Structure formats: structure tokens, C-alpha cells
Amino acid sequence: MVEDVELNRLYWHSRRGMLELDVLLVPFVREVYPHLNDADRDLYRRLLTCEDQDMFGWFMQRAESEDAELQRMVRMILDRVQPQ
């Protein structure tokens, strides 16, 4: 199980100050992140190192990450709120 300290840290890193990102990332880190495998947890943490403008384009589906793994994480987050 994920430690509370790690979840709190990720919660604050997931708050980007851009409402469109916050409404996707904050619930994901609270509800889904604890159940991810280690590789996907690492991938989520890597996603958080990306620029907000890049993530905004990915999540608004105006662009895709050149990194296929990051794009998979974006899709995982989007699928949570927009099931296909």
C-alpha cells in the first residue's frame, strides 16, 4: 500500500493551478494511484514532471506526447472520466 506521506506529496504535486488539470489529476491520485503497479506509479510521477501546457494539450486531446508510455498514462487518466 502507498504511504500517506507519498500520497500527500503527490496530491500537492498533482495540483497544478490549472483547473482543467486539477480536476483530472487530483481525483486520479487519490482514487487510482494507490492501486497502480510500481511501473505505472513511476510513470505517473514522471508525468508530473512535464510542463503544464504540454499536459493541457494532451488531456484536451489537441496533441499527443511523443513518449508512448506517457501517452498511455494520459489515456488511462482520460479513460477514467471518459470511458469509451
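Observations
- Taking the inverse of the mean 1/r over every pair of distinct Cα atoms in the chain gives a Kirkwood hydrodynamic radius of 12.9 Å.
- Surface composition of the chain: carbon and sulfur atoms hold 48% of the protein heavy-atom accessible area at a 1.4 Å probe.
- Within the chain, the longest run free of GluC sites (Glu not before Pro) that sit in a DSSP loop with at most 12 other Cβ atoms within 10 Å is 4-50.
- Exposure rank, largest accessible area first [29, 5, 23; 1.4 Å]: 5, 23, 29
- Computed with a 1.4 Å probe on the full set of protein chains, the accessible area for residue 79 sits at about 60 Å².
- Computed about its Cα centre, the charge dipole of segment 4-81 is approximately 200 debye, with only Lys, Arg, Asp and Glu carrying charge at their Cβ.
- Solvent exposure of the chain as accessible area per residue, Å², 1.4 Å probe: 63 Å²
The values are calculated or read from the model by the stated rules, or taken from the named source; none is laboratory data. Quantities reported herein were computed from a predicted structural model and do not represent experimental measurements. Here the Cβ is made from the backbone with ideal geometry for all residues, glycine too, and neighbour counts use every protein chain on show. For accessibility, only protein heavy atoms count, side chains too; no ligands or nucleic acids. Shrake-Rupley method; radii C 1.70, N 1.55, O 1.52, S 1.80 Å.
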